[in-house]
């Protein structure tokens, strides 16, 4: 590909820029190959050792306090991921201020611009003002594209990207760098950061506050300058709210921390055990060698754990240390010398999720999938019909029907419905039973934005 100052390939003897450059520019913008070539040259330029100090400063800004965290497997996986590396390098070359409001792209074009083809240069010139912004996904058409809304300017656009349709669902909030493709179509220049639908209001509120501070400190700077400065914030919020979000603290009905407990006993006299368990009011015989351990809680029964007899072992499983100790005392008091305590172990929710299900837990369900879907569908239908008339903490303990009539509460209700829908769509894509919430918008008199 001829550079601007190279001899023109047509053989005229003139420099390319004085001869066929204008004809080539008139023929179109650039191809995807020329875009990739331009980015490759820019990235190789950014990897030069002269920029090592700049990279160190940029990494500290990009990761913030996460760099001071004690390294663990989860953080290391995120830091090494392709998505995060692409996000960092894109921000470093297009947005990071090297000094005097100059970016690495500015420096590259100044030093190496003459070696680029006209179309490579055109692509990179067009990327000077690019930046991350917040968008909301409005609609996803599988293998066709997605409709998004710029949450800052309330402007809609169509992004014809097939891969994005397999990763995003309606109401996702994304921080994306949007550009123009080879034929003028809207494209994502990097992999977007994806936030849950319920994060939209908090993200926008924080963004507006940051913009007020930015305009007071830098009144001459543009909105593009502001968004370029926000890229590390978008990244750190994604880490905090999505990639490295800690599991919520789950408590039992008694107020104890949720933790899986397993108590093992040797069965010394099986016939005595079976006889002692029969007819106990606090036990539910499942007729397969297992029992539910329950207690009265008002008009309901509360499950405290389950236990089963497996050969010469009795295994009690509970969801708190307190229940495990209480269950041990209960069984030893009830069964006496017919059992002998062997061991007790605990595993928190995070450890259990990393471990995954055991082979026994992965066996085929006894209930056919079709019947499972039907039963779950009936449960969801009852649950959400009743939900409309029950107080909801997120709505200030108002019912959804009441909240729908209040101007101040309606946005919170809409956010809840969007969260429900995006979660259901991801369940549907995973082949799991998922509920259709479309009727609820009409029932509550709400417009799907």
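Only alpha carbons enter this Debye calculation for the range 114-181, each as an equal point scatterer, and the log10 of I(q)/I(0) it gives at q = 0.23 Å⁻¹ is -0.95. In terms of Cα atoms, the Rg and Dmax of the range 61-176 work out to 17.5, 47 Å. Semi-axes of the equivalent ellipsoid for the chain, computed as √(5λ) from the eigenvalues of its C-alpha gyration tensor and ordered from largest down, come to 58, 27, 22 Å.
For residue 262 and residue 83, the FRET efficiency from 1/(1 + (r/R0)^6), where r spans their Cβ atoms and R0 equals 56 Å, is about 0.90. To the nearest ten degrees, helix 82-94 and the longest principal axis of the Cα atoms of the chain are 30 degrees apart.
Normalised by the number of residues in the range 187-261, the average gap of Cα pairs under 8 Å and 6 or more apart makes the relative contact order 33 percent. Shape class for the range 259-355: oblate, because the ratio a/c of the largest to smallest gyration tensor axis (alpha-carbon atoms, square roots of eigenvalues) is 1.5 or more and b/c is at least a/b.
Would you mind estimating how fast the range 371-444 diffuses translationally, via Stokes-Einstein at 10 °C and 1.306 mPa s with the Kirkwood radius over Cα pairs, in µm²/s?
This corresponds to a translational diffusion coefficient of 122 µm²/s.
How would you classify the range 32-242 from its alpha-carbon gyration tensor, with a ≥ b ≥ c the square roots of the eigenvalues: rounded for a/c under 1.5, else prolate if a/b is greater than b/c, otherwise oblate? It is rounded, given that a/c, with a ≥ b ≥ c, falls under 1.5. Prolate is the label for the range 173-320. Its Cα gyration tensor axes, ordered a ≥ b ≥ c, give a/c of at least 1.5 and a/b above b/c.
Extension gain, residue 254 to residue 141, is 36.1 nm, computed as 0.36 nm per intervening residue step minus the present C-alpha separation. By the helix-only formula, in which each DSSP H run with n ≥ 4 contributes -39500 (n - 2.57) and the sum is divided by residues, the chain has a 222 nm mean residue ellipticity of -13000 deg cm²/dmol. Extending 7 Å from the Cα toward the beta-carbon at both residue 162 and residue 208 defines two label points whose distance is 4.1 nm.
Computed over the chain with a Gaussian network model linking Cα atoms closer than 10 Å, the most mobile of 220, 427, 236 is 220. Compared with the dominant Cα axis of the chain, that is its longest principal axis, helix 32-46 is turned about 90°.
Determine, from the Cβ-Cβ distance of residue 300 and residue 341 and an R0 of 22 Å, the FRET efficiency 1/(1 + (r/R0)^6), rounded to the nearest 0.05. Using R0 = 22 Å, I get an efficiency of 0.10.
Between helix 200-217 and the chain there is an angle of about 40 degrees, using the helix long axis and the longest principal axis of the Cα atoms.
With contacts taken as Cα pairs under 8 Å at a separation of at least 6 residues, the range 32-242 carries a relative contact order of 19 percent.
We did not get these values from a lab; they are worked out from the coordinates using the rules stated. None of the values given here were measured: they were computed from a predicted structure. Don't worry about glycine lacking a Cβ; one is built from the backbone with ideal geometry, like all the others, and counts go over all protein chains shown.
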